[in-house]
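Working notes, structure below.
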Amino acid sequence: MPGVLLGDVFPNFEAETTIGRIKFHDFLGDWWGILFSHPRDFTPVCTTELACAAGLTGEFKKRGVKMIALSIDSVEDHTNWSKDVMAFNGETGTPLPFPIIADDKRSLSVQLGMLDPDEIDKDGMPLTARCVFVIGPDKKLKLSILYPATTGRNFDELLRVIDSLQLTAQKKVATPVNWKPGDKVMVIPSLSEAEATALFPNGVTCKELPSGKKYLRFTQP
Ligand code: BEZ
């Protein structure tokens with residue numbers, strides 16, 4: 001099945017977008033990237049999602065993340081629909097603050113494994129699912145999420161995930177269930193006790209467990 005796996009270099013595709021033709025790696029530069037697909041322009045859930053993403057532009061920028069959307073509609077449709085998206089946010093006349101890729105031949109959607117065979121347009125052609133790819137500054141895929149057309153995504157969760165990805169790229173930690181920035185994190189299992197003590201000056205606390213194994217180790221990063 002086509003697609004990109006975690007750790008793969010993300011394809012350096014060329015595409016038409018609402019800001020002109022781009023080469024993906026040049027578009028990203030040294031930034032992190034988030035590429036999210038949606039089934040179709042002028043549809044309700046997609047409108048709420050892109051409006052939410054537009055409202056969070058400052059949060060993505062603060063984290064050094066460039067945003068880009070994709071669907072199988074044309075640049076012209078994307079440009080017209082963007083006006084609805086911004087109007088939904090109460091910002092009529094303000095341009096959508098990120099580009100949308102026009103994959104009207106579905107070539108990129110096939111390459112990246114984004115088509116949902118259960119969502120068909122009036123011509124019997126599959127639509128794009130709600131895919132999310134987070135790409136690191138090294139151009140490698142750090143995260144992928146795939147939702148069906150009928151379930152809108154949670155962009156606060158995407159920011160939380162990016163906070164985790166950026167923290168764990170810097171430090172030898174992993175973030176536990178429902179983690180939020182500022183919470184304690186877990187020391188990764190491959191670190192010895194001595195290495196953990198040296199690496200985490202705020203201290204490491206280890207939870208006693210019936211197994212006697214010392215793997216539940218918390219620290220404040
Ligand atoms: C929507 O964005 O509302 C949508 C698109 C395709 C199928 C279902 C919902």
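The values are calculated or read from the model by the stated rules, or taken from the named source; none is laboratory data. These numbers were taken from a predicted model, which means no experiment stands behind them. We place every Cβ from the backbone using ideal geometry, glycine too, and count neighbours over all the protein chains shown. Heavy atoms of the whole protein, side chains included, go into the accessibility calculation; ligands, DNA and RNA do not. Shrake-Rupley method; radii C 1.70, N 1.55, O 1.52, S 1.80 Å.
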**Request:** Being open to solvent by 60 Å² or more (accessible area, probe 1.4 Å) and closer than 16 Å to D104 by Cβ is the filter here, so list the residues in the range 6-27 that pass it.
**Result:** E14, E16, R21
**Complete:** Residues of the range 116-157 being in contact with a strand residue (DSSP E or B) (Cβ under 9 Å, 6 or more places away or on another chain) and basic (K, R), in sequence order, are R130, K139, K140, K142, R153
**Request:** Determine if the range 136-156 includes at least one residue that is open to solvent by less than 40 Å² (accessible area, probe 1.4 Å), part of a loop (DSSP other than H, G, I, E, B), out of contact with any helix residue (DSSP H, G or I) (no Cβ under 9 Å at 6 or more places or on another chain) and away from the ligand (no atom under 16 Å from the Cβ).
**Result:** no
**Message:** Out of everything in the range 41-64 that is assigned to a helix (DSSP H, G or I) and hydrophobic (A, V, I, L, M, F, W, C), what residue ends up being surrounded by the most Cβ atoms within 10 Å (Cβ to Cβ)?
**Reply:** L50
**Complete:** Of T18, T57, the only residue that is among the polar types (S, T, N, Q) and closer than 27 Å to R160 by Cβ is T57
**Asked** Looking at (1) within 16 Å of the ligand (Cβ to nearest atom); (2) farther than 22 Å from F10 by Cβ, which is the only condition E91 fails?
**Response** (1)
**Item:** Candidate set from the range 28-40 (those that are more than 9 Å from the ligand (Cβ to nearest atom) and over 19 Å from L159 (Cβ atoms)); member that is most open to solvent (accessible area, probe 1.4 Å)
**Value:** D30
**Prompt:** Can you name the number of the only condition in (1) more than 16 Å from the ligand (Cβ to nearest atom); (2) closer than 22 Å to A129 by Cβ; (3) modelled with pLDDT of 95 or more; (4) open to solvent by less than 60 Å² (accessible area, probe 1.4 Å) that G3 fails?
**Reply:** (3)
**Asked** Of the residues that make up the range 114-128, is at least one touching a residue at least 40 places away in the same chain (Cβ under 8 Å), surrounded by 14 or more Cβ atoms within 10 Å (Cβ to Cβ) and either among the small types (G, A, S) or over 14 Å from H38 (Cβ atoms) (or both)?
**Response** no
